[in-house]
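One structure below.
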Amino acid sequence: MTAAARLPELVPPPAELPARVAALRAEVRAFLAAERAAGSWTPRADVWLSGWDERFSAELGRRGWLGMTIPVEYGGRGASPLDRYVVTEELLAAGAPVAAHWIADRQIAPSLMRFGTEAQRRRYLPGIAAGTVFFGIGMSEPDAGSDLAAVRTRADRVDGGWELTGTKVWTSGAHHAHAFFALARSAPRDEANRHAGLSQFILELDSPGVQIRPIPLLTGAHHFNEVVFDHVFVPDELVLGEVGAGWRQVTSELAFERSGPERFLSTFPLLTAMIGELAGRPGVEREVGGLVTRLWALRRMSLAIAGALESGAAPELAAAVVKDLGTRYENEVVDAARLLVGTPPDPGAADGFARLLADAVLHAPGFTLRGGTNEVLRGIVARGLGLR
Ligand SMILES: Cc1cc2nc3c(=O)[nH]c(=O)nc-3n(C[C@H](O)[C@H](O)[C@H](O)COP(=O)(O)OP(=O)(O)OC[C@H]3O[C@@H](n4cnc5c(N)ncnc54)[C@H](O)[C@@H]3O)c2cc1C
């Protein structure tokens with residue numbers, strides 16, 4: 001056997017979209033065109049972080065385009081990840097305001113299906129599918145970002161449940177969300193096994209003892225928060241999965257968080273606006289052509305992951321590869337738009353290229369950080385290849 005033959009498969013085999021999704025895609029496009037014509041929203045870059053619009057989310061829910069993979073008995077459609085993929089990529093490509101439901105639809109619903117109790121599924125899934133129940137992500141802490149196992153939020157056993165004390169940080173959307181899964185230490189840290197003794201709790205953000213403090217961006221915009229808990233009571237029925245199995249669960253959640261098309265489409269509305277601005281301009285074919293062909297390759301890889309999810313796999317390694325390549329690509333779209341077009345960014349513009357560029361420039365530093373930094377992802381890839 002050659003050395004190459006022993007390498008693990010980095011990306012699953014290509015997945016083809018089934019013929020049935022063409023009709024779904026056409027329906028979503030027609031809906032988006034009608035919304036745009038009605039002036040309901042303006043396309044933006046990085047909409048899955050910043051485009052919070054509860055009316056829009058509820059409208060998607062009404063049409064059956066949220067929680068698509070949730071079984072019908074919990075309010076979903078029982079559709080495949082490939083159907084969901086088509087809806088998701090159309091929404092992102094249009095720059096539609098999807099932030100309100102994004103986290104709940106992407107990772108909370110599948111985690112509840114994998115680890116939640118029957119009562120938890122019935123409590124949250126119908127609202128997630130309807131686009132009326134919103135979640136954040138309660139993982140990062142001031143000294144536990146890349147090194148997530150270093151979380152210090154404490155979960156102490158009390159009568160009928162647990163008491164959580166600690167601080168989460170960079171919590172996108174917590175000021176609007178109903179709840180998040182808090183990763184906390186439910187047993188003392190064991191240096192020999194740092195991943196042991198962690199648990200996940202469904203923390204409803206209006207619980208007594210929770211304080212949500214804004215962390216404004218340099219522009220003053222408010223997306224992130226610091227969330228402080230002081231002896232917050234979480235009843236036993238809101239423990240997610242198994243006490244002590246938090247690390248395994250959170251890793252599975254991260255596979256959903258890292259694997260979607262939002263990891264290379266955050267700047268797609270800017271790419272299309274840039275192509276519009278450059279129409280007829282000579283000498284840019286090579287750069288623009290290069291960006292478009294790479295987009296195509298990224299999409300093929302990302303679709304392969306959606307295909308693997310459909311067959312029940314958890315492709316962490318492939319998700320790390322696509323997220324690393326995809327988020328660097330997003331930054332290169334921003335660089336190309338600045339260098340090739342020559343129109344300065346304008347954060348005050350109502351819409352158009354200059355506004356899309358301004359939003360993309362301001363959000364770009366986060367592309368390769370959120371959901372796990374690229375350095376950390378490369379460590380995961382190296383481990384998957386048996387190099388560390
Ligand atoms: C836009 C945005 C939204 C976010 N939303 C959320 C959210 O909703 N919920 C949530 O829980 N978190 C959220 N985060 C936090 C995000 O997950 C962390 O920022 C990220 O995991 C990095 O952690 P850190 O900021 O503590 O950086 P650190 O871990 O301190 O890393 C600092 C630098 O050191 C490098 N580094 C660290 N360890 C290693 C290593 N072992 N090998 C090589 N290099 C290393 C990193 O790559 C990075 O460049 C968000 C972040 C951003 C930017």
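Among the residues of segment 216-234, is there at least one that is under 22 Å from Thr153 (Cβ atoms) and exposed (fewer than 13 other Cβ atoms within 10 Å of the Cβ)? Give the steps one after another, and end with the answer.
Going residue by residue through segment 216-234, those that are under 22 Å from Thr153 (Cβ atoms) are 223-234.
This time we only want the ones that are exposed (fewer than 13 other Cβ atoms within 10 Å of the Cβ), so: 231.
Yes: segment 216-234 contains one or more residues that are under 22 Å from Thr153 (Cβ atoms) and exposed (fewer than 13 other Cβ atoms within 10 Å of the Cβ).
Residues of segment 161-183 that are β-branched (Val, Ile, Thr) and touching a residue at least 60 places away in the same chain (Cβ under 8 Å): Thr165, Thr167.
In segment 39-59, the residues that are in a loop (DSSP other than H, G, I, E, B) reach residues that are within 13 Å of the ligand (Cβ to nearest atom) and of a type in the set (S, T, N, Q) with C-beta atoms within less than 8 angstrom, at least six apart or across chains, in these pairs: Arg44/Ser50; Ala45/Ser266; Asp46/Ser266. Just one residue in the set Arg328, Arg338, Arg299, Arg294 is part of a helix (DSSP H, G or I) and within 16 Å of the ligand (Cβ to nearest atom); that residue is Arg328.
Taken as a whole, segment 243-253 holds no residue that is within 20 Å of Gly366 (Cα to Cα), surrounded by 16 or more Cβ atoms within 10 Å (Cβ to Cβ) and modelled with pLDDT of 95 or more. Within segment 79-88, can one find any residue that is touching a His at 6+ places or on another chain (Cβ under 6 Å) and not in a helix (DSSP H, G or I)? Checked against the condition, which is being touching a His at 6+ places or on another chain (Cβ under 6 Å) and not in a helix (DSSP H, G or I), segment 79-88 yields no hits at all.
For segment 341-381, a residue qualifies if it is farther than 29 Å from Arg281 by Cα and more than 11 Å from the ligand (Cβ to nearest atom), and exactly one does: Val381.
Figure legend. Inter-residue proximity from segment 374-388: first residues within 11 Å of Val321 (Cα to Cα) and touching a residue at least 40 places away in the same chain (Cβ under 8 Å), second residues away from the ligand (no atom under 14 Å from the Cβ) and assigned to a helix (DSSP H, G or I), beta-carbon distance below 7 Å, spacing 6+ or different chains. Indicated pairs: Ile380/Glu316; Ile380/Leu317; Val381/Leu317; Val381/Val321; Gly384/Leu317.
Residues that are under 19 Å from the mean Cα position of the chain (by Cα) and of a type in the set (Asp, Glu), at least 3 per element: which strands (runs of 3 or more DSSP E) completely within segment 105-219 meet that? Working first, answer last.
Working: elements: 135-138, 154-158, 161-169, 179-185, 198-204, 210-215.
By residue number, no strands (runs of 3 or more DSSP E) qualify.
Can you confirm whether Gly260 is closer than 17 Å to Ser111 by Cβ and at pLDDT 95 or above?
Details: closer than 17 Å to Ser111 by Cβ: yes; at pLDDT 95 or above: no.
In short, no.
Check whether at least one residue in segment 111-133 is within 16 Å of the ligand (Cβ to nearest atom) and in contact (Cβ under 8 Å) with a residue 24 or more places away in the chain, and report yes or no. Can you show your working first?
Our first condition is that a residue be within 16 Å of the ligand (Cβ to nearest atom); within segment 111-133, this holds for 111.
Okay, now just the ones that are also in contact (Cβ under 8 Å) with a residue 24 or more places away in the chain, so 111.
Scanning segment 111-133 turns up at least one residue that is within 16 Å of the ligand (Cβ to nearest atom) and in contact (Cβ under 8 Å) with a residue 24 or more places away in the chain.
The values are calculated or read from the model by the stated rules, or taken from the named source; none is laboratory data. Keep in mind the model is a prediction, meaning the values are calculated, not measured. Methodologically, a virtual Cβ is constructed for each residue, glycine included, from the backbone with ideal geometry; neighbour enumeration extends over all protein chains shown.
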